[in-house]
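Since the structure comes first, as structure tokens, the remarks are kept for the end.
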Amino acid sequence: MTTDYAVSTSGQLVDNYVPFIVEGSPTGQFSQLHGRDGGDVRAGLFRVLEGEYPDREPVPYYFEMDEYIWIAEGEVHIETAAGETHVLREGDCAYFRQGTQSTWTFHAPFRKFSIEIKQVNQ
């Protein structure tokens with residue numbers, strides 16, 4: 001049975017962090033919010049802790065879905081395949097289209113809230 005809503009407390013979000021894997025390696029931690037089943041929509045909190053990988057080390061990242069992000073804490077430098085670098089800090093937000101290639105350099109402690117939506121017509 002499905003329900004029409006889901007509630008996650010701050011304590012549950014903190015307790016639910018798991019390694020976020022990119023190309024076989026953990027590159028931070030992700031706590032997913034409750035939501036739709038099926039993997040077409042995902043929302044949650046991502047964090048990098050100070051002094052832990054990948055704090056201040058470049059990490060390649062391929063956007064498998066459209067992604068909307070809001071920076072809750074810290075700073076990240078995002079370099080696109082076109083060679084542009086965007087510095088995002090607490091309170092900043094951005095959107096990246098599915099299929100975008102990028103490299104991220106986190107300055108921890110870092111936290112972002114993201115919503116990812118898979119585009120089926122690509």
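The values are calculated or read from the model by the stated rules, or taken from the named source; none is laboratory data. None of these values were measured; they are calculated from a predicted model. Methodologically, a virtual Cβ is constructed for each residue, glycine included, from the backbone with ideal geometry; neighbour enumeration extends over all protein chains shown. Keep in mind that these areas ignore ligands, DNA and RNA; they rest on the heavy atoms of the full protein, side chains included. Shrake-Rupley method; radii C 1.70, N 1.55, O 1.52, S 1.80 Å.
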Highest GNM mean-square fluctuation, the chain, Cα pairs closer than 10 Å: which of 78, 21, 69?
21
Heavy-atom accessible surface of the chain: percent carbon and sulfur, 1.4 Å
49 percent
Under 5 Å between amide hydrogens, which residues at least 5 positions from residue 22 or on another chain qualify, with H placed 1.01 Å from N in the peptide plane?
27
Long-range amide H contacts for residue 33: which residues qualify at under 5 Å (H placed 1.01 Å from N, peptide plane, sequence gap of 5 or more or a different chain)?
43, 44, 45
Accessible area in square angstrom per residue, the chain, 1.4 angstrom probe
63 Å²
On a full-extension model of 0.36 nm per residue, what is the gain between residue 73 and residue 53, subtracting their alpha-carbon distance, rounded to one decimal in nm?
5.5 nm
Please give the net charge around residue 46, taking every other residue with its beta carbon less than 12 angstrom from that of residue 46, where Lys and Arg add +1 and Asp and Glu add -1.
+1
List the residues, sorted by chain then number, that are 5 or more residues from residue 100 or on another chain and whose placed amide H is less than 5 Å from its amide H.
63
Taking 70, 104 and ranking on accessible area (1.4 Å, protein atoms only), highest first, one gets 70, 104
Using a Gaussian network for the chain with springs between C-alpha atoms less than 10 Å apart, which of these wobbles most: 15, 55, 92?
15
Would you kindly derive the ³J(HN,Hα) couplings of the stretch 87-97 from the backbone phi angles with the Karplus curve 6.51 cos²θ - 1.76 cosθ + 1.60 (θ = phi - 60°), listing them in order in whole Hz, with x for Gly and Pro?
9, 10, 10, 2, x, 7, 9, 7, 10, 10, 6
Candidates 12, 101, 32: whichever shows maximal mean-square fluctuation once the chain is modelled as a Gaussian network with Cα springs under 10 Å
12
Whether the chain is rounded, prolate or oblate, judged on the alpha carbon gyration tensor where a/c under 1.5 counts as rounded:
oblate
